[in-house]
């Protein structure tokens, strides 16, 4: 869980998994989000940096997706 301490629409989450690609996700939330009882739709990564320095392929990109909700 992450607290949203600032009112902004520019929120980015970076997911680092050891030995795997790094995924960057832009959180699509309003400046003052309201609580949600359900998870939102799936979102693919907005950016990916492969762990081994190789090029990003559609296969790698499709493997990184998130869902989130406001608690």
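The values are calculated or read from the model by the stated rules, or taken from the named source; none is laboratory data. Quantities reported herein were computed from a predicted structural model and do not represent experimental measurements. Positions of Cβ are generated from backbone atoms using ideal geometry, with glycine treated the same way; all protein chains shown enter the neighbour counts.
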Selection within the stretch 19-29 - within 18 Å of residue 66 (Cβ to Cβ) and out of contact with any strand residue (DSSP E or B) (no Cβ under 8 Å at 6 or more places or on another chain): 20
Qualifying residue in the stretch 24-47 (condition: surrounded by 13 or more Cβ atoms within 10 Å (Cβ to Cβ) and at pLDDT below 85): yes
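Out of the residues in the stretch 34-47 meeting the condition of being part of a loop (DSSP other than H, G, I, E, B) and touching a strand residue (DSSP E or B) at 6+ places or on another chain (Cβ under 9 Å), tell me which one is nearest to residue 66 (Cα to Cα). Talk me through it step by step, then tell me what you get.
Within the stretch 34-47, the subset part of a loop (DSSP other than H, G, I, E, B) is 34-42, 45-46.
Add one more test, that the residue is touching a strand residue (DSSP E or B) at 6+ places or on another chain (Cβ under 9 Å), and what stays is 42, 45-46.
Numbers: 42: 6, 45: 8, 46: 11 Å.
Filtering first and then ranking leaves 42.
Residues being assigned to a loop (DSSP other than H, G, I, E, B) and surrounded by 10 or more Cβ atoms within 10 Å (Cβ to Cβ): count how many of those fall in the stretch 1-23. Before you say what the answer is, go through the steps one by one.
Initial filter on the stretch 1-23 (assigned to a loop (DSSP other than H, G, I, E, B)): 1-10, 17-21.
Adding the requirement that they be surrounded by 10 or more Cβ atoms within 10 Å (Cβ to Cβ) leaves 4, 8-9, 17, 20-21.
Going through the stretch 1-23 one residue at a time, the tally reaches 6.
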